[in-house]
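Before any comments, here is the structure.
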Amino acid sequence: MRPFSYVPAASLEEAVGVLARHGDEAHLLAGGTSFVLLLQQGLVDPGVVVGLSSVPGLNTIERDGAGQLRIGAMATLGRIEGDPLVRDALPCLSEVVGRVATVRIRNQATIGGNLAHADPAQDPPPILLALDAVVEAIGPSGRRTIPLDSFFVDVFETALAPGEILTAVRVAAPSPAIRFATVKFLPRTVDDFATVTVAVRIDPSPDGRVADLRIALGAVAPVPLRAVAAENAIRGHVPDEALLAGAAELARDAVDPFDDVRGSADYKREMTRVWTLRALRRALAPSERVA
Amino acid sequence: MAASADGRLALRVTVNGTLHELTIPGSRLLIDLLRDDLGLTGTKKGCAIGVCGACSVLVDGELMSACLLLALAVQGRSVTTVEGLAAPDGSLSALQAAFIAHGGFQCGICTPGQLVAATALLAHQPDPDEAEVRAWMTGNLCRCTGYLGIVASIRAAVIGEGPAAGAGE
């Protein structure tokens, strides 16, 4: 590891300034669970590391006037898992982040680092895509918001511009009628990265149709993604087993996994079909409200 | 925080109740600071990628991996290592005593991490059932596969079962 200087940022404005001054030489440090590994493996080689843990208030979790939950970028996954506001409004998110790796990692890893790192195997993106989450960013040209649906560009690549910092993720609290089902398929050990993750959100209509829905998938493509064709096959219809099975096949056809120790590409495609179908069934099960 | 000419930075950190003021390179990891700069070799470097749990420490009471933390990330914070678990007079914590009495270790390399992780568990949930113990301790690997003894030791500490109980081979 090449020696680098470390700047504990006192404010977002200072961090933006340091990034602007040093360009590609500067990297941000959030919780460090991925970044320190990249450092040790020589995959990043910064001259300057800008620490965000010293920025006050960047880990705040709050509900704004519009009823939206705003989770600061430096909130750890463990904090999100146990936060009373999250547990109340978004039990599905609490459940998903509570399944990430181990207690130690959840105590260090942050939601902002998780999203900005853009490792396609991360757990939180699919449920956040299903929730229509939006991220907030600050950069040299000011503040802006980016829908999570257009945030992930490629493996380790996001829509953040050079020098831009992800500051928060915002989610509207869903109405109690909306149903969720999330799956993390782990054929090896419970602390592993997933072979496939699925998040399904169903907005039911009183006449039995599915008024709207989201099917989001992780670990099976260069980016976490929505299975839009599968969503379209179900939207507006009264779901039955044949409809769900057809949609699960469309989800399988939407993914582009790679071979690794968690399965061959073919296996992951098939597991995408299987677990999408099961998640759809669970989200639609009449007696069950699956968080 | 002022950087010296060679890029070293000042760090103030409390470790096991003692305040340390050091000047370190920005790239120093907490695990190396503990072992090499402070001589606290109870914290082990196992996998060095955050998976095995041998380097488990508490940072302001929260369980973390010392191998995944830059030392400067714990600026102004309080770190507890396995050396900080016993009382100042050297008397062992209930968990340490239970690990001895109930066969909580075999070769011992993972034991500091197991003890620190279990200490964090009991601070978080004083009365965990066996499933909660197993779920929490998932991140601490034992290459000897001595998991039954580890879980039994933690359970014994929870129910206040002292030494003996037929475990002393």
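Would you check which residues across the stretch A:12-27 are among the hydrophobic types (A, V, I, L, M, F, W, C) and either open to solvent by less than 30 Å² (accessible area, probe 1.4 Å) or under 18 Å from B:Cys67 (Cα atoms) (or both) and list them?
Correct list: A:Leu12, A:Ala15, A:Val16, A:Val18, A:Leu19, A:Ala26.
Here is a yes/no grid of residues against (1) over 18 Å from A:Ile138 (Cα atoms); (2) open to solvent by less than 60 Å² (accessible area, probe 1.4 Å):
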| residue | (1), (2) |
| --- | --- |
| A:Ala10 | no, no |
| A:Leu29 | no, yes |
| A:Asp45 | yes, no |
| A:Val50 | no, yes |
| A:Gly57 | no, yes |
| A:Gly72 | no, yes |
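Take the stretch A:94-126 and flag every residue that is within 14 Å of chain B (Cβ to nearest Cβ), surrounded by 24 or more Cβ atoms within 10 Å (Cβ to Cβ) and farther than 15 Å from B:Leu68 by Cβ.
Of everything in the stretch A:94-126, nothing turns out to be within 14 Å of chain B (Cβ to nearest Cβ), surrounded by 24 or more Cβ atoms within 10 Å (Cβ to Cβ) and farther than 15 Å from B:Leu68 by Cβ.
In the stretch A:256-266, what count of residues is obtained for those that are within 16 Å of A:Asp119 (Cβ to Cβ) and aliphatic (A, V, I, L, M)?
Of the residues in that region, 1 qualify.
Could you check, for the stretch B:130-143, whether at least one of its residues is part of a loop (DSSP other than H, G, I, E, B), without any contact (Cβ under 8 Å) to a residue 24 or more places away in the chain and surrounded by fewer than 21 Cβ atoms within 10 Å (Cβ to Cβ)?
No: the stretch B:130-143 contains no residue that is part of a loop (DSSP other than H, G, I, E, B), without any contact (Cβ under 8 Å) to a residue 24 or more places away in the chain and surrounded by fewer than 21 Cβ atoms within 10 Å (Cβ to Cβ).
Hey, can you tell me all the residues within the stretch A:268-277 that are without any contact (Cβ under 8 Å) to a residue 40 or more places away in the chain and of a type outside the set (A, V, I, L, M, F, W, C)?
Listed by number, the residues that qualify are A:Glu270, A:Arg273.
What tally of residues in the stretch A:39-48 results from selecting those that are more than 9 Å from every other protein chain (Cβ to nearest Cβ) and either closer than 18 Å to A:Arg104 by Cβ or touching a residue at least 24 places away in the same chain (Cβ under 8 Å) (or both)?
Counting residues in the stretch A:39-48 that are more than 9 Å from every other protein chain (Cβ to nearest Cβ) and either closer than 18 Å to A:Arg104 by Cβ or touching a residue at least 24 places away in the same chain (Cβ under 8 Å) (or both) gives 4.
Go through the stretch B:27-46 and count every residue that is β-branched (Val, Ile, Thr) and within 14 Å of another protein chain (Cβ to nearest Cβ).
Residues in the stretch B:27-46 being β-branched (Val, Ile, Thr) and within 14 Å of another protein chain (Cβ to nearest Cβ): 2 in total.
Being in contact with a helix residue (DSSP H, G or I) (Cβ under 6 Å, 6 or more places away or on another chain), outside any strand (DSSP E or B) and open to solvent by 70 Å² or more (accessible area, probe 1.4 Å) narrows it down to one of A:Arg273, A:Arg269, A:Arg281, A:Arg252, so name that one.
Going through A:Arg273, A:Arg269, A:Arg281, A:Arg252 in turn, just one is in contact with a helix residue (DSSP H, G or I) (Cβ under 6 Å, 6 or more places away or on another chain), outside any strand (DSSP E or B) and open to solvent by 70 Å² or more (accessible area, probe 1.4 Å): A:Arg269.
The values are calculated or read from the model by the stated rules, or taken from the named source; none is laboratory data. Note that the coordinates shown come from a computational prediction; the quantities given were computed from them, not determined experimentally. Positions of Cβ are backbone-derived with ideal geometry, glycine not excepted, and every protein chain shown enters the neighbour counts. Ligands, DNA and RNA are stripped out before the accessible areas are found, and what is left, the full protein with its side chains, is counted by its heavy atoms. Shrake-Rupley method; radii C 1.70, N 1.55, O 1.52, S 1.80 Å.
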